[in-house]
1. Could you say whether any residue in region 219-233 is at pLDDT below 80 and over 27 Å from residue 1 (Cα atoms)?
2. Of the conditions (1) open to solvent by less than 30 Å² (accessible area, probe 1.4 Å); (2) in contact with a Phe, Trp or Tyr (Cβ under 8 Å, 6 or more places away or on another chain); (3) among the hydrophobic types (A, V, I, L, M, F, W, C), residue 229 satisfies every one except a single condition; which number is it?
3. Of everything in region 44-97, what is modelled with pLDDT of 80 or more and on the phi > 0 side of the Ramachandran plot? Give them in sequence order.
4. Does region 193-205 contain at least one residue that is farther than 26 Å from residue 63 by Cβ and at pLDDT below 85?
5. Being crowded, with 22+ Cβ neighbours inside 10 Å, at pLDDT 80 or above and part of a helix (DSSP H, G or I) is the requirement here; does residue 166 meet it?
6. Residues 206, 214, 192, 179: which one is open to solvent by 20 Å² or more (accessible area, probe 1.4 Å), part of a helix (DSSP H, G or I) and small (Gly, Ala, Ser)?
7. Which ones in region 36-52 are buried (at least 24 other Cβ atoms within 10 Å of the Cβ) and either more than 15 Å from the chain's Cα centre (by Cα) or farther than 19 Å from residue 120 by Cβ (or both)?
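The values are calculated or read from the model by the stated rules, or taken from the named source; none is laboratory data. The structure presented is a predicted model; accordingly, all values stated were derived computationally and were not measured. All Cβ positions, glycine included, derive from the backbone under ideal geometry; neighbour counts span all protein chains shown. In case anyone asks, the SASA skips ligands and DNA or RNA and just uses the protein heavy atoms, side chains included. Shrake-Rupley method; radii C 1.70, N 1.55, O 1.52, S 1.80 Å.
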Amino acid sequence: MAVLVALGSFVMTLVGGWTAHHVTDRRHLVLGFAGGLMLGVVGFDLLPEALHGAGNEIYGVPAALLLFVAGFLVAHIVERLLAMRQAAHGAQEGEEQVPQVGLGAASAMVGHSVADGVAIGASFQVSSTMGYTVALAVITHDFADGFNTYTITRAYGNARRKALAMVGADALAPVVGAASTLLFTIPAQALACYLGFFGGVLLYIAAAEILPEASHHHPARTTLLCTIVGAALMWLVIGAAGQ
């Protein structure tokens, strides 16, 4: 089931790459909605589940929250080390074209998508409800992954076929990550800790990448409304699943 659901990530990544090549006018609304969905998944599902199963406190702080902060910081550090933000901004401003920078940033996004697939598979080991809600967040933000993978690769002087190849690799990555979890079962406490860590990573992507990108060129009220609707929808979905 995890692999089948991860195929949704495959499709959505390809859709994002196609959109980058053809349509950009309403992208901000999609990204705003995706950011709201991700915020809702973290706040209403991942963190409560991690706090419930992660075990003891460490120096007065729940282990799940420490891992949540660690995930946020690791995502931030990795982004800085790989200069992903600088590459994206450079692509928009056209200040320089270094093909290796575009390929490096796109490769980092492929690695991140493998981790997304692992998150889907690990979540299904907790429960089907957890698996589907995490998968929904991952699938939604994979649109942005596909869009940015194509945009960054092309903007730094790489050929169209290289950009398409990177989008293809990014689309396959979550399927590979989800399939890898079929080979092992994560212990319940370790899985709760992982969900806390992944929640921090997901929040960073939403807060530092998706939402700012959604409002960068279109600081419209409709974008903000889409974000609120996305978070509210996750509240209703997760609440209904828990009944």
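1. yes
2. Going through the list (1) open to solvent by less than 30 Å² (accessible area, probe 1.4 Å); (2) in contact with a Phe, Trp or Tyr (Cβ under 8 Å, 6 or more places away or on another chain); (3) among the hydrophobic types (A, V, I, L, M, F, W, C), residue 229 breaks only (1).
3. Within region 44-97, 59, 60 qualify.
4. Checking region 193-205: not a single residue is farther than 26 Å from residue 63 by Cβ and at pLDDT below 85.
5. In short, yes.
6. Step by step, each of 206, 214, 192, 179 is checked, and only 179 is open to solvent by 20 Å² or more (accessible area, probe 1.4 Å), part of a helix (DSSP H, G or I) and small (Gly, Ala, Ser).
7. Passing the criteria: 36, 45, 50.
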